[in-house]
Amino acid sequence: MPVVSTFTQQNMPAAADAVIIGAGIQGCAAAYYMARRGAKVVVLEKARIAGQQSGRAWGFVRAMDRDPAETRLMIEGMKLWRGLEAELGADIEWRQDGNLFLARDEAELAQFEIGAARDRIFGIDARVIAPKEVSALMPGLTNPGPGALWGPSEGQAEPRKVSPALARKASELGALFFEGCGAIAIERQGGAVASVISEAGAIRTRIVILAAGASSFRVMRGLGLDLPQQIARFTCSRTNTLAPISRIAFFGHHIGFRQRPDGSLNLAEELQVDVDLTLDRFRALRWFLPSLRDNWRASTFCLNASAWRDLQCRLPWREEARLPWIHDRDPVVPANFARVRNAVHRFEALFPSARGVQAVESWAGNVDLMPDGIPVLGPVAALPGLILATGMTGHGFGMGPIVGKLTSEVALDGKPSLDLSAFRFERYAEGRTGKSSTRY
């Protein structure tokens, strides 16, 4: 059991201004922005920094084509991204060369027109372009479709680099990161947060930021609170090095890709997910039935080794059963190689000049989904001192810096600089939720 911090080798402190549960991009960003203001922060991570979805995302960073509730956040978020490499003193492969989303048909193109008009009201540079313009932007593309949504100011970055860079800089500013050391309980005093019990001991604190991604519902359940969060598995691959294709992040014709500076692609099959049928997949099912009815063609339900592993973790004599917040400490999330092959074949058909495409590495991540497609951010009224930064629904990588900054403001100032009311946890109990309108 580690009892020293990852970067500084310091011991676990007895007290902190805030304890962050989870070292994905949201947790690392919150730690950075809090440490930058002089706060004493401890980050508890049951496995390793960015070991799950934060290190496995596609890497798109966009303000356009988001749920309206997220738009204002991402306008400010894009400002943070533009200065992040300089602030962190790290190469995170940040580029701002645009995102291009092809329309499937004329109906989707019309929806893009509506969304782009709304985005422009907020000052986002988004517009619908004709097939001829698509071909000019992507000269190797064989089929430009009926047109596309084009955001020339949108960006991309490398998920495997961003969270570690945030964590490293936060540690230089005094934050302490403890990998392989999860939170196992939160103690209360007077109905509010009083301390966090980690696997290595207790830490007195009045603030807990829950940024545990797909494990967040377990923590909430342990506190007697119901977070209607579900999990789906997304597969992505990295290809061999290819000749230059485009610096634009591309989404369409059933694939998404971006070309990294070394020439390799991050490549995935568009909006196709696998749902592993573990026992937890049946919880909160009523919240997800509307979206399941609308999107069942994009989902594959799998009874596989994940179900057996989940059952093993529940056996009463296992450590995982005694530590339900930990459950599966470092889950092995299997890639769907049929989706890998589909993505490669579709890419080859769309870009025939890019010969010899091979997936040299494939992985999957557990994406935490919310029934209305937007995150859960901000304080929890039922437990003063608890702040949520979770439920990113597959499009949280780009939101990482702004979520971290706003969460740090809630923790240190008592309120954020932007309105987070649309993301409040209590919206589910109030019945104030709609259907998801976001693109992953």
Handout entry: segment 235-246 residues that are without any contact (Cβ under 8 Å) to a residue 40 or more places away in the chain, paired with ones that are surrounded by fewer than 19 Cβ atoms within 10 Å (Cβ to Cβ) (beta carbon under 7 Å, 6 or more apart)
Key = Thr241/Asp262; Thr241/Gly263; Thr241/Ser264
Problem - Checklist (1) at pLDDT below 95; (2) in contact with an Asp or Glu (Cβ under 8 Å, 6 or more places away or on another chain) applied to Arg62, failing item - result: (1)
Practice task
Of the conditions (1) of a type outside the set (Lys, Arg); (2) surrounded by fewer than 24 Cβ atoms within 10 Å (Cβ to Cβ); (3) part of a loop (DSSP other than H, G, I, E, B), Phe397 clears all except one; give me its number.
Solution key: (2)
Practice task
Could you grab me the full set of residues in segment 264-279 that are farther than 15 Å from Phe347 by Cα, free of Cβ contacts under 8 Å to residues at least 60 places away in the same chain and either out of contact with any helix residue (DSSP H, G or I) (no Cβ under 7 Å at 6 or more places or on another chain) or among the polar types (S, T, N, Q) (or both)?
Solution key: Thr278
Practice task
Only residues that are surrounded by 22 or more Cβ atoms within 10 Å (Cβ to Cβ), over 15 Å from Cys181 (Cα atoms) and of a type outside the set (Gly, Ala, Ser): list them for segment 1-34, please.
Solution key: Ile25, Gln26, Cys28, Tyr32, Tyr33, Met34
Fill in the blank from the handout: Over segment 19-36, the set of residues of a type outside the set (Gly, Ala, Ser), in contact with a helix residue (DSSP H, G or I) (Cβ under 6 Å, 6 or more places away or on another chain) and not in a strand (DSSP E or B) is Ile25, Gln26, Cys28, Tyr32, Tyr33, Met34
Handout entry: Residue within segment 50-72 that is under 25 Å from Arg168 (Cα atoms), aliphatic (A, V, I, L, M), surrounded by fewer than 19 Cβ atoms within 10 Å (Cβ to Cβ) and not assigned by TED's automatic domain parsing to the domain that holds Arg127 present
Key = no
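Rundown of residues vs (1) over 24 Å from Gln259 (Cα atoms); (2) of a type outside the set (A, V, I, L, M, F, W, C); (3) touching a residue at least 12 places away in the same chain (Cβ under 8 Å), yes/no style:
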{"residue": "Ala107", "(1), (2), (3)": "yes, no, no"}
{"residue": "Ala117", "(1), (2), (3)": "yes, no, no"}
{"residue": "Pro131", "(1), (2), (3)": "no, yes, yes"}
{"residue": "Gly145", "(1), (2), (3)": "no, yes, yes"}
{"residue": "Gly151", "(1), (2), (3)": "no, yes, yes"}
{"residue": "Glu154", "(1), (2), (3)": "no, yes, yes"}
{"residue": "Glu158", "(1), (2), (3)": "no, yes, yes"}
{"residue": "Ser163", "(1), (2), (3)": "no, yes, yes"}
{"residue": "Ala167", "(1), (2), (3)": "yes, no, yes"}
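The values are calculated or read from the model by the stated rules, or taken from the named source; none is laboratory data. Owing to the predicted nature of the structure, the values given are computational and were not obtained by experimental measurement. Counting neighbours? That spans all protein chains shown, and the Cβs are built from the backbone with ideal geometry, glycine included.
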